[in-house]
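Structure provided below as structure tokens; questions to follow.
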Amino acid sequence: MATDLEIHEELLARHIRKQLAAIVTKIQWSYAFFWSTSTTQPGVLEWCGGFYNGQIKTRKTIQLRELEADQMSLQRSEQLRDLYESLSSGNSNQQMRRACAALSPEDLTDAEWYYLICMSFAFNIGQGLPGKAFVDNQHIWLNGAQFADCKIFSRSLLAKVILLAS
């Protein structure tokens, strides 16, 4: 049974995903990430949530009805999160993944790979853009990640590689 803290954290994460979805959809970006302080590692920021709104190579859905575009993007964000959790747990058992809705690595676009890989990043307070945003108590919205300075935005090299591969 879930504790009150776990329920609160899940509700907060759901609220953050909805807010990111509204913003990303409105400005027509491909994705957005939200980093938060780790509950297990003091002084570390880790992935808290995100929203993917970019191109989709393979649609896998368990819905019997057509979804609105924003619902499809929310579902895809969840599918990407499920795939990340499956890959990071080392669980290769296909039975454990949701039938018909589970994504495989070969189903992903380059932008989806970038989104997925970013889930694994963690930052010390003050390190990288998420750490700087935390210290400055400011949000940072970065456009053109592939052009950002690697010293400030450590994932810019990854963004460049993925852009070149596209």
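Taken together, the values in this text are just the output of simple stated rules run on the coordinates, not laboratory data. Note that the coordinates shown come from a computational prediction; the quantities given were computed from them, not determined experimentally. Neighbour counts are summed over all protein chains in view; Cβ atoms, including those assigned to glycine, are modelled from backbone coordinates with ideal geometry.
Across all directions of projection, what mean area in square nanometres is found for the Cα convex hull of segment 111-166?
Here the figure is 3.8 nm², rounded to one decimal.
So, by mean Cβ neighbours within 10 angstrom, what's the order for 51-58, 24-31 with the highest one leading?
My ranking of the peptides, most packed first, is 51-58, 24-31.
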